[in-house]
Amino acid sequence: MNQDFEPAILAFVCNWCTYTAADLAGTSRMTQQPNVRLVRMMCTGMVDPKYVIKSLLSGADGVLISGCHPGDCHYQNGNYKARRRVRLLNEILSQFGIDRRRVRLTWVGASEGQEFAATVNNFINDLRELGPLDSRGLAAL
Amino acid sequence: MATTARIQIDGQGPVVALQGFFRRLLEDESLSGVMLPVHLFRHGMPMPTLVTRPDQLDRADPLAPAFPMNSAKLVSRLTRGATGERIAVVMRPCEIRAFIELVKLNQGSLEEVILIGMDCPGAFDNAHYKEFLGDREGMAASVQFHASLSNGGLAGGFELAPACRVCEYPSPHGADMVIGLHGADLGSAIPVMATSARGEALLGAMGLPEESPDDRREKALAALTATRVQARDAMMEQVSARTGTLEQLAEYLSGCVNCYNCRVACPVCYCKECVFNTDVFEHKPWQYLGWAKRKGSLKLPTDTVFYHLTRMAHMSTACVGCGQCSNACPNGVEVVELFRTVAARTQAGFDYLPGLSLDQAPPLTVFKEDEFQDTVSHLA
Ligand code: SF4
Ligand code: SF4
Ligand code: FES
C-alpha cells in the first residue's frame, strides 16, 4: 500500500442523513482524514450518473454516494434508484479498468457519525491500495 | 396452428414477388398504408417510405442490403398519437427490437401498427452499399446480393457492416408477421408466417397458398446464429483488450470530433434534448485555459470521453446492436463494437434483453426494495 498517496474523494451525501452524520462526526471531533469533499444533495436519488463520471474524469480517485437507510428515504425511493444507478455505473466503468471499489454506495443515518467516519477511513484505505486513477494526468480527458 | 403462407416467385424474381405480396396486403381494408424501403431513384439510397397507393409499390425493395437508418425512430413518429387508421411497417429484427424499447418508454405505440419482420441476412453500411451498387439498377443488385449469399458468400471483397457480422438476432421477435428469408430458395418461394392474432387475421384473409412446413429455415437460422455468436465473442474480446484502462479508452476514441452523429443515429438514445447540446457544455474561454494549465495541455474538443461514458449510461441497457452509430460516424470510430461490448455487461448486470419482451421494464425505470445488496458497501 502506498501510504504517501493521498486519494481525492468526492462524496455526494444526502442532506437528511449522511450530511448530518458527517456534521456530527465533525462536531464530536472524531479523527477524519482530509481527503473528502462533500457535495450536499437533497437525496441520493438526485445523483445523476454523469456527476460520478465527471468526478472520476476530473481527478477524483473515488466517489462516495451515501444516503438514508432503506425505508428512510425522505422521497420514499430515491435510495433504491441510486442503487440501480451505481450498479449500472460499476458495470460500465469496470470495463475500462475502474475498479468497482472506486464508486461506493453506503447507507449512513443522521445519528451515525461514527459510521460515517469509519466509512470514509475505509474508503481511503481501499483507494490507497488501488492507487491513483489514471485520469489525473491525461490531457485527452 | 399458426398460418404459414407462400409467396410464389415467378420469372420476375423475388423483389417483384414481394411487391405483389405488399400490394395484396394493402388491398386489405383495415390497412391505410405500408412503410418499407423504396428505391425512389435508380442509383440512390433506398429509403423507408410510407406508401398508401398500391401502384406506387413498383420500386419497393425490402431485399435491399442497404440500412441508411434504424426505422424505429420513424415508426415512433408514425405512432405517437392515434390516427384512427392502421398501417403496416416492414422492419429488420433490430429495428423491431429498438421500436419495442421506444414503446416501453412511451415514445411509440403498437395500437395502430402491424409489424412485418423480415429475416435479415445483414446489410452494408452506407459507403459500402454505394460501392456495391456501382452503376447497377438497385433492385437487380439486391437480387444478386441474396443470390451470392446463398452461393457461399459475398464476392469481390465485400463485407457486411461490422454490426451485422456479429448480430446474433437475424430473425424477428415480436412481429405480427415474419417473412422467412433464411433457408428460402429465392428462385421458387418465400414463406410468410403469422406470429400474432392480428397477423393471423391479415394473412389468412389474403388467400395465399399454404406452405407445407419443413425445417430449412430453422436449420439455416441455427447455423447463421452460431457463426454470429462466435464472431461476436471474438469481437468483444478484442475490444476489451483494447479498452482496459481509461487511457486506452481515450485512445480508442481518439478520432472522435464530438459531432454527436452516433447519438442522433441511435434509435434508443431517448432524451428529447441531449445535455451535451445545452449550455452546460458552453464553456468559457478562461475555463479552457484553466483546465489546460492544470494538466499542462488539454485535448480539444473537450468532454469526448465524458460524452461517450454518459451515453453508455443512458443507452447501453437498451442497445440492440443495430450499428447505426458506426454507420453515422464520419471518422471511423469503432463505436458499435465498443457500445455492444459495454451493453453486454450492463444488460447482463440487470438480466435484461432489450426489445424482446414488452413485459420487461427498462432497468432504470423500476427498482425493488430487496435487490442488489452487493452493490451497497457495509462496514465490516
Ligand atoms: S448504440 Fe449503436 S448499435 Fe446500439 S442501438 Fe444505438 S445505434 Fe444501434
Ligand atoms: S459519430 Fe463518431 S466522431 Fe461523431 S461523436 Fe460519435 S464517435 Fe465521435
Ligand atoms: S432522502 Fe436521503 S436518500 Fe433519499
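The values are calculated or read from the model by the stated rules, or taken from the named source; none is laboratory data. Keep in mind that what you see is a predicted model, and the values were worked out from it rather than measured. Every residue, glycine as well, gets a Cβ built from its backbone with ideal geometry; the counts of neighbours run over all protein chains shown. Quick note on the areas: whole protein, heavy atoms, side chains included, nothing else; ligands and nucleic acids left out. Shrake-Rupley method; radii C 1.70, N 1.55, O 1.52, S 1.80 Å.
Kirkwood hydrodynamic radius for the protein assembly as shown: how many Å is it when counted over pairs of different Cα atoms?
25.4 Å
If you count the DSSP beta bridges with both ends in the protein assembly as shown, what percent of them are antiparallel, to the nearest 5?
Here the share of antiparallel DSSP bridges comes out near 35 percent.
Can you list the HN-Hα couplings for the stretch A:45-56, worked out from phi with the Karplus curve (6.51, -1.76, 1.60; θ = phi - 60°), rounded to whole Hz and with x for Gly and Pro?
With coefficients 6.51, -1.76 and 1.60, one gets x, 9, 7, 6, x, 6, 5, 5, 4, 4, 4, 5 Hz.
Separation between the B:ALA348 and B:GLU168 pseudo-spin-labels, each 7 Å from Cα along Cα→Cβ, expressed in nm?
If labels sit at B:ALA348 and B:GLU168, their model points lie 1.0 nm apart.
Residues with amide H under 5 Å of A:VAL39's amide H, sequence separation 5 or more or different chain, H placed in the peptide plane at 1.01 Å from N; which?
Under 5 Å from the amide H of A:VAL39 lie the amide H atoms of A:ALA11, A:PHE12, A:VAL13, each far enough along the sequence or on another chain.
Between B:GLN248 and B:ALA234, what is the spin-label point distance in nm, taking each point 7 Å from the Cα along the Cα→C-beta axis?
Each label point is offset 7 Å from its Cα along the Cβ direction, giving 1.9 nm.
Describe numerically, in nm with one decimal, the distance between label points set 7 Å from Cα along Cα→Cβ at B:ASP215 and at B:ARG42.
Computed distance between label sites B:ASP215 and B:ARG42 equals 4.8 nm.
Taking the Cβ of B:THR3 as the center, what net charge do the other residues with Cβ under 10 Å away carry, scoring Lys and Arg +1 and Asp and Glu -1?
-3
Between A:SER111 and B:THR227, what FRET efficiency comes out of the Förster formula 1/(1 + (r/R0)^6) with R0 = 45 Å and r the beta carbon distance, rounded to 0.05?
The value I calculate is 0.15.
When chain B is modelled as a GNM with alpha-carbon springs shorter than 10 Å, which of B:ALA231, B:ALA194, B:ALA241 fluctuates the most?
Between B:ALA231, B:ALA194, B:ALA241, it is B:ALA241 that shows the largest mean-square fluctuation.
Please compute how much accessible surface disappears when B pairs with A, both sides summed, using a 1.4 Å probe, and round it to the nearest 100 Å².
Chain pair B/A: roughly 4000 Å² of buried accessible area.
Could you look at the stretch B:1-70 and say what percent of its accessible area is carbon and sulfur, using a 1.4 Å probe and all protein chains?
Here carbon and sulfur together make up 52 percent of the probe-accessible area.
Would you mind getting me the FRET efficiency between B:GLN360 and A:ARG136? Use the beta-carbon distance for r and R0 = 51 Å, nearest 0.05.
Once the sixth-power term is evaluated, E becomes 0.80.
With +1 on the Cβ of every Lys and Arg and -1 on the Cβ of every Asp and Glu, and nothing else charged, how large is the dipole of the stretch A:9-139 about its Cα centre, in debye rounded to the nearest 20?
Dipole magnitude for the stretch A:9-139 comes out near 320 debye.
Tell me, in nm to one decimal, what length is gained between B:GLN287 and B:VAL275 on full extension, where the rule is 0.36 nm per residue of separation less the Cα-Cα distance?
Full-extension gain reported as 2.5 nm.
Could you give the accessible area per residue of the protein assembly as shown, probe 1.4 Å, as a whole number in Å²?
I get 44 Å² per residue for this part.
Going from most exposed to least, what order do B:LEU133, B:LEU298 have by accessible area with a 1.4 Å probe?
These residues rank, largest area first, as B:LEU298, B:LEU133.
Order B:LEU181, B:LEU356, B:LEU364, most accessible first, counting only protein heavy atoms with a 1.4 angstrom probe.
Listed by decreasing accessible area, they come as B:LEU364, B:LEU356, B:LEU181.
What share of the DSSP beta bridges in the stretch B:4-227 is antiparallel, in percent to the nearest 5?
55 percent
Determine which residues of the stretch B:67-84 fall in the zone a paramagnetic label at B:GLU112 would reach in this model, i.e. backbone nitrogen under 11 Å from the point 7 Å along Cα→Cβ.
B:78-84
Compute the length gained on full extension between A:TYR51 and A:ASP23: take 0.36 nm times their separation in residues and subtract their Cα-Cα distance, giving the result in nm to one decimal.
Length gained between A:TYR51 and A:ASP23: 7.8 nm.
Any idea which of B:GLY81, B:GLY174, B:GLY117 is furthest toward the positive side of the dipole for chain B, if Lys and Arg beta-carbons carry +1 and Asp and Glu beta-carbons -1?
B:GLY81
Sort by residue number and name the cysteines in chain B that have no neighbouring cysteine Cβ under 4.7 Å.
Result for chain B is B:CYS120, B:CYS164, B:CYS167, B:CYS256, B:CYS259, B:CYS271, B:CYS274, B:CYS319, B:CYS329, no neighbouring Cys Cβ within the cutoff.
I'd like the Karplus ³J(HN,Hα) series for the stretch B:11-27: coefficients 6.51, -1.76, 1.60, θ = phi - 60°, whole numbers in Hz, and an x wherever there's a Gly or Pro.
Computed from phi, the couplings for the stretch B:11-27 are x, 8, x, x, 5, 5, 4, 5, 4, x, 4, 6, 4, 5, 4, 5, 5 Hz.
Would you mind working out the magnitude of the charge dipole of the stretch B:244-379 relative to its Cα centre, with +1 at each Lys and Arg C-beta and -1 at each Asp and Glu C-beta, to the nearest 20 Debye?
That gives the stretch B:244-379 a dipole magnitude of about 620 debye.
How high is the FRET efficiency between B:ALA241 and B:LEU105 when r is their beta carbon distance and R₀ equals 41 Å, given to the nearest 0.05?
0.75
About the Cα centre, and with charges only on the beta carbon of Lys, Arg (+1) and Asp, Glu (-1), how big is the dipole of the protein assembly as shown? Nearest 20 debye, please.
So the dipole magnitude of the protein assembly as shown works out to roughly 1460 debye.
Hey, if we sort A:TRP107, B:TRP291 by accessible area with the 1.4 Å probe, largest down, what's the order?
Accessible-area ranking of A:TRP107, B:TRP291, largest first: B:TRP291, A:TRP107.
In the stretch A:42-73, which residues become less accessible by 50 Å² or more once every protein chain is in place, relative to the chain on its own, using a 1.4 Å probe?
Buried by the other chains: A:LYS50, A:ILE53, A:LYS54, A:LEU57.
Checking a compactness column here: for chain B, what do you get for Rg(Cα) / (2.2 N^0.38 Å), N being the number of residues?
Taking the Cα Rg and dividing by 2.2 N^0.38 Å, one obtains 1.07.
With every protein chain left in place and a probe of 1.4 Å, what is the accessible surface of A:ARG136, to the nearest 10 Å²?
100 Å²
Using the Karplus curve 6.51 cos²θ - 1.76 cosθ + 1.60 with θ = phi - 60°, what ³J(HN,Hα) values do you get for each residue of the stretch B:278-285, in whole Hz, with x for Gly and Pro?
9, 4, 3, 9, 8, 6, 8, x
What's the tally of Lys pairs in the stretch B:244-379 whose alpha-carbon atoms lie under 30 angstrom apart, where the two lysines are 8 or more places apart or on different chains?
6
Work out the charge dipole of the protein assembly as shown with +1 on the Cβ of Lys and Arg and -1 on the Cβ of Asp and Glu about the Cα centre, then indicate which of B:VAL305, B:VAL268, B:VAL376 is farthest towards its positive end.
After comparing all options, I get B:VAL305.
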